Every structure is written in C-alpha cells, then in structure tokens.
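Undergrad: What follows is a structure written as structure tokens; I'll ask about it next.
Where a number appears in this text, it was derived from the coordinates with a stated rule and is not lab data. A quick note: this is a predicted structure, and the numbers were derived from the prediction, not measured. Here the Cβ positions follow ideal geometry from the backbone for every residue, glycine too, while neighbour counts run over all protein chains shown.
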Amino acid sequence: MGTGVDSVARESGPTRWVETTDRFNGFCPLGHATMMLPTHALAGMLLGLAAGYAVPEFAGVALVAGLLGGILPDLDMYVGHRRTLHYPVYYAALASGTLVLASLLPSALTVGAAVLLLGAATHSVADVFGGGLELRPWEATSDRAVYDHYNSRWLEPRRWVRYDGSPGDLLLSTALSVPLFWSVEGVLEGVVAASLGVAVVYTALRRVLPTIADAILGSVLPALPRRVRSRVPERYLRSHSAAEQTTSR
Ligand SMILES: [Zn+2]
C-alpha cells in the first residue's frame, strides 16, 4: 500500500490539471489558502504587533516581518501549493529557537527573523483549520489541507473556517484588523485597510470564481493543442461540447 508521498508522486495528468485549474481560480491569488491571504497577512501583523509591545524599539520591524511571514507560505501557490512552502512543524521549531535568540540578543535581525518564522508557522498550522485543497472547497470533498513534511503526510482540513473567502473567514479577518487599526498608522494602516478591502471583495466573489474558471477554460479549450487537451478532465470537455451544441443549433 502506498504512502501519501507515493500517491502524490503517482498523480496523473488530469489530477495535475485539476490542481492547475484550482490555482487558476486564483487569477486572484488571494485564495487557495484554506483561509484567504488577507486573513493570514493580518494574523501575521497581529503577531508583529504583540512582539512590538515586548520590544518597542523594533516594533516597525516586527510588524513588517509578521506581515511577510503571514504571506510567505502562500508563495508556493503555483508550485506544489500548501506543500512547497508550508511547514507546520519545521517553521514552529525554527521560530521557537529564533524567539529564544531574539529574547537573549534583541536586534532588528533576530526580532525580524523570529516574528517572520512565527508568522509562517502560524499560517501553516492555521491552514489545517480551514477547508481542503479543491476547486470548490465548500463542497468539502478534499482530505488535503496542508502537507506535514515531518510525518510525510497530508493533514486533513478541520474546516473550523469552512473555506477561504467564507463569511467566517471574513469575520476572522475583520476581528484581526480591529487591534491593528487601533495601533498602527501610516503605510501599515493602509496595508490593513487594503487587506480588509480585498477580503470583502474576495468573499463577495468567492462562490462564482470556479464558475468563471470553468467558463474561461471552456472558451480556451478549442485553442489548446491536442496533447494538452487530452489531459483536460472529462467534465470540462463535456461542458464545452454541450456549449458547442447549444451554439450550433
Ligand atoms: Zn496557506
């Protein structure tokens, strides 16, 4: 019986296509976390805010590092999403060591590194509590949330936040932004406002994004080389041929 790693290695072309479609769905590269990217960004900033209270002289560095750490894991969106840069165990271990170092030798470098790693660890662990890695995560058919490199297996989604861009996700984003609005100003306040604005728009559009992805794929299918087209899942081919019959009538 194969392990999770083996089965991933054996994934066929169509499966890869489905994952590509899933990523394409983020032509708006905000989702595809189990929570939307603004939620992770705001959570990272909040960690930075807390660190800034501990070491006020590095508060600015901590906020920026938290923001970057919250975003960092999702930079794997187009290359092995939720696996290449998501390390729920290793980031946490590194963050613990770096936090000790930062508390002993506080500097812009140690504080920044500690908060960045803590933000990335929090993101990677938080993704377990969202939805699965699938085109329509509200259907809850995927058993993959985040890859655990330490145990060489996919962690299952807990769906406390049902999916990225769900009303619960927006509520979480909003709650995270409150203490930030209260405490930060200038450019960083603008970042918080922009994150929240994007979160609102993304939540409003989230449910129709897969339909848009389907429609666009259907329209580009005829232009695809046969080799590529043979890898397109049957359901896309079916919907496209149905559309062709409708227009030819
Ligand atoms: Zn993520």
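Undergrad: With charges set only on the Cβ (+1 for Lys and Arg, -1 for Asp and Glu), what does the dipole of the range 34-206 come to about its Cα centre, in debye to the nearest 20?
TA: Approximately 300 debye in magnitude.
Undergrad: Among PHE129, PHE181, which comes first, second and so on when ranked by fewest other beta-carbon atoms within 10 Å?
TA: Neighbour counts put them in this order, fewest first: PHE181, PHE129.
Undergrad: Pick out, in residue order, every one of the trypsin sites (Lys or Arg not before Pro) in the range 144-176 that is DSSP loop and has at most 14 other C-beta atoms within 10 Å; say none if there are none.
TA: Qualifying residues, ordered by number: ARG158.
Undergrad: What shape does the range 34-206 take by its C-alpha gyration tensor, where a ≥ b ≥ c are the square roots of the eigenvalues and a/c under 1.5 counts as rounded, a/b above b/c as prolate, and the rest as oblate?
TA: oblate
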